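Only one structure is covered here, and it is reproduced in the block below.
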Amino acid sequence: MPPKRRDHTKQRELLAAASEKLKALNEEQLADAVAYALTDNYADAAIYHRREKGRKTANMPITTYDTLRAHLQQAAKEDGVTLSALANEALRDFLNGKFTPSRPRRAAYGSQLGASVNINVRPDSELRAKADERCKQLAEDLDWKPSTSQVIKQYLIAKYPMQQYPPLEQFPPGDSE
């Protein structure tokens, strides 16, 4: 049976009274701990830890341009999927040999592709670890070392092409990202 919902105002009053009673009993350390539970810092930390505990996968930021991010988010929304689910799909296809990224090239100097932003995805941690390992193995075969974020980004671009964002192989040769 779930615990009863409590009146937070009453609970705060009781904690404040408990802190005062502990001080009167000369239990300063315990009194301070109870008083700290009433602060905003404690509440913020508790909320953060509760959220982090509930997350099973770590965030993976993928650097891109704002126009591309908006396009990918909209396309995924229209398909009824999340970018994190697509990231998992990309990693599965990569691990199964169905998708191999091409060597990324930087856009020409002065290109106006948009402001630099992140796409935040939460791929499955096991898939991510296996993909990281496969990227290391492919380094010799491809003559460059792909990253897991490059795999996901290129997969998303291939799945949802955008006219304003040219395919990576059309960028002029230059330093890889």
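Throughout, read-outs are computed from the coordinates displayed, never taken from laboratory work. Everything numeric here is computed off the predicted structure, so don't read it as measured data. Using ideal geometry, Cβ is built from the backbone for each residue, glycine included, and neighbour counts are taken over all protein chains shown.
Structure above, values below:
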quantity: Under 5 Å, built H, 5+ apart or other chain: amide partners of residue 117; calculated: 64, 65, 66
quantity: Spread of Cα-to-Cα distances over 5 Å intervals beginning at zero, given as percent, for region 60-170; calculated: 2, 12, 23, 25, 20, 12, 5, 1
quantity: Highest average packing first - 19-31, 114-126, 80-92, Cβ atoms within 10 Å; calculated: 80-92, 114-126, 19-31
quantity: Separation of the residue 81 and residue 16 label points, Cα + 7 Å toward Cβ, nm; calculated: 5.3 nm
